[in-house]
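What follows is a set of notes on a single structure, which appears directly below.
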Amino acid sequence: MSPAYKFPWKRASREDLSPYAYPGRPQNKILTSIREKEKANPAPFSDRTLIRMDNSGAPDFEKPFNFTPFLRADWVESTENLNIPVCQILGCHSTNNLDNYQPGDTFKEVLFESLHGLGIIEESSKFLVGPASKDIEMPHVRDPEVPKSGSHGPLILSQYGDWFFIKNGQQRGIIAMYLIWQKYGDKGLLKNVKVNSYIPKHAGDV
């Protein structure tokens, strides 16, 4: 018998989504553009549930049939940055900077109702889409009145088999996914990003 999941991996996103802006601030122009392009041509990952991965392996969330969590593995940080297919990013480790996020939300629902985009400017878009190392600080504009407008630390992903989760920089990561897909399609890559990988303790121990 197949396990029952509270949150299916794929489902139709809610309709009539309201574009979110941080209270007292106008909607970010970059996000406005992404949202309008998404309406015209939805990304293939938009109706997938954004999985919140944690140490328990997110048991309430259905994953792809070939998802490999390696839960008995040692945590190892890769020594080189990688290029990551954006369509293989499943979710985030933390959702603390996704305003209004509810477990089970799809990527599209998060795009419209959870991203504030504070600090994101045109140079941010070029950086996220381009080849520069994501270890360095993303060009952005800080709002001195809003701590969330800062981009802190490198963009880091974690790897589980062939799939990836955003470990640090969830807003940047999701915005990058849409920007890259809208420019390059299914083969779009998030370039030069640090990846933490799970590897078996012993050969064959998976």
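The values are calculated or read from the model by the stated rules, or taken from the named source; none is laboratory data. Keep in mind that this is a model prediction, so the values were computed, not measured. Backbone-built Cβ (ideal geometry, glycine too); neighbour counts: all protein chains shown. Accessible surface is based on the protein model in full, side chains and every heavy atom, while ligands, DNA and RNA are left aside. Shrake-Rupley method; radii C 1.70, N 1.55, O 1.52, S 1.80 Å.
Annotations
- Considering 174, 136, 166, the condition of being open to solvent by 40 Å² or more (accessible area, probe 1.4 Å) and either in a helix (DSSP H, G or I) or aliphatic (A, V, I, L, M) (or both) is satisfied by 136 alone.
- Counting only strands (runs of 3 or more DSSP E) wholly contained in the stretch 74-113, the ones carrying 1 or more residues that are open to solvent by 30 Å² or more (accessible area, probe 1.4 Å) and at pLDDT below 95 occupy 74-77, 82-85.
- Answer from 174, 166, 180 - the residue that is in contact with a Cys (Cβ under 7 Å, 6 or more places away or on another chain) and modelled with pLDDT of 95 or more: 166
- Sole exception among (1) open to solvent by 70 Å² or more (accessible area, probe 1.4 Å); (2) assigned to a loop (DSSP other than H, G, I, E, B); (3) not polar (S, T, N, Q) for residue 36, by number: (2)
- All of (1) under 17 Å from residue 177 (Cα atoms); (2) at pLDDT below 95 hold for residue 26 with one exception: (1).
- The stretch 1-33: number of residues that are part of a helix (DSSP H, G or I) and either in contact with a Phe, Trp or Tyr (Cβ under 7 Å, 6 or more places away or on another chain) or charged (D, E, K, R) (or both): 1
- The stretch 115-124 - residue that is open to solvent by less than 10 Å² (accessible area, probe 1.4 Å) and either among the polar types (S, T, N, Q) or touching an Asp or Glu at 6+ places or on another chain (Cβ under 8 Å) (or both) and, of those, farthest from residue 98 (Cα to Cα): 124
- Residue check for residue 158: farther than 18 Å from residue 22 by Cα and touching a helix residue (DSSP H, G or I) at 6+ places or on another chain (Cβ under 6 Å): no
- Test for residue 116: is it under 16 Å from the mean Cα position of the chain (by Cα) and in a loop (DSSP other than H, G, I, E, B): yes
- The set of residues in the stretch 39-53 being open to solvent by less than 80 Å² (accessible area, probe 1.4 Å) and assigned to a loop (DSSP other than H, G, I, E, B) consists of 42, 43, 44, 45, 46, 47, 50, 53.
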